[in-house]
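Structure first, then comments.
Rule-based calculations on the coordinates, nothing more; no lab input. Note that the structure is predicted; figures quoted are calculated from it, not measured. Backbone-built Cβ (ideal geometry, glycine too); neighbour counts: all protein chains shown.
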Amino acid sequence: DRLEKTRFTGPIAGFDSFEGLPETWRGNFKEGRFATDYDSVREKVPDKIALYKGWFQDTIGTFLFDNPDTPAGFINHDGDLFLSTAITFSLLNNRIVPGTLMCFDELIGYPGFQKHEILSLFIWMREMEATLCPIAVYKLNRTVASDFDMKKEVGQGSQGACYQVLEIPGKRVPI
């Protein structure tokens with residue numbers, strides 16, 4: 001089990017509506033696309049990972065209440081849409097600290113990407129005056145390590161990216 005090989009000791013949670021996209025996104029990605037069965041996913045996810053069923057705005061608050069003052073070590077933004085990603089930033093903002101890793105699965109590289117995850121990221125960065133460091137990009141089912149050449153790797157076929165938060169004025173790395 002890959003999770004057991006990590007040294008991570010904090011709470012791990014996943015959030016999904018299991019109802020698919022809340023609205024039509026682009027092309028063939030209509031409302032409800034990517035819907036899946038909660039029980040079939042739950043079977044594949046280790047028991048130590050809490051899995052919250054429902055829309056982000058209805059479930060993340062419960063996790064935050066149950067885990068007060070816990071900084072976010074890793075956030076995988078998989079909301080695809082601007083609003084879904086903006087909701088996660090809004091709800092998790094107080095938990096994002098220097099050192100937090102954030103990945104986005106649909107950041108760039110498709111028609112209209114400028115209006116979705118990347119726009120939400122840029123707005124959050126501007127509001128928080130956050131400094132991020134890119135650490136990897138996803139390119140059609142392959143991840144390029146942190147020593148990637150931006151000019152070579154980012155382009156056609158690239159969609160996702162991971163960043164580490166380096167600085168947010170007024171926030172310090174938790175001890």
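General observations
- For residue 113 and residue 74, the difference between the fully extended length at 0.36 nm per residue and the C-alpha to C-alpha distance is 11.8 nm.
- Candidate aspartates and glutamates - alpha carbon under 15 Å from residue 30, same-chain residues fewer than 8 apart omitted: 19, 80
- For chymotrypsin sites (Phe, Trp or Tyr not before Pro), no site in the stretch 48-131 is both called loop by DSSP and has at most 10 other Cβ atoms within 10 Å.
- Pairs of Cα atoms farther than 23 Å apart, the chain, %: 45
- Here each label is just a point 7 Å from Cα along the line to Cβ, and for residue 129 and residue 167 those points are 1.0 nm apart.
- Inter-site label distance for residue 55 and residue 39 at 7 Å from Cα along Cβ, in nm: 2.6
- Applying the criteria of a DSSP loop state and at most 16 other Cβ atoms within 10 Å to the GluC sites (Glu not before Pro) of the stretch 41-131 yields 129.
- GNM top mover of 78, 39, 105 - the chain, alpha-carbon springs below 10 Å: 39
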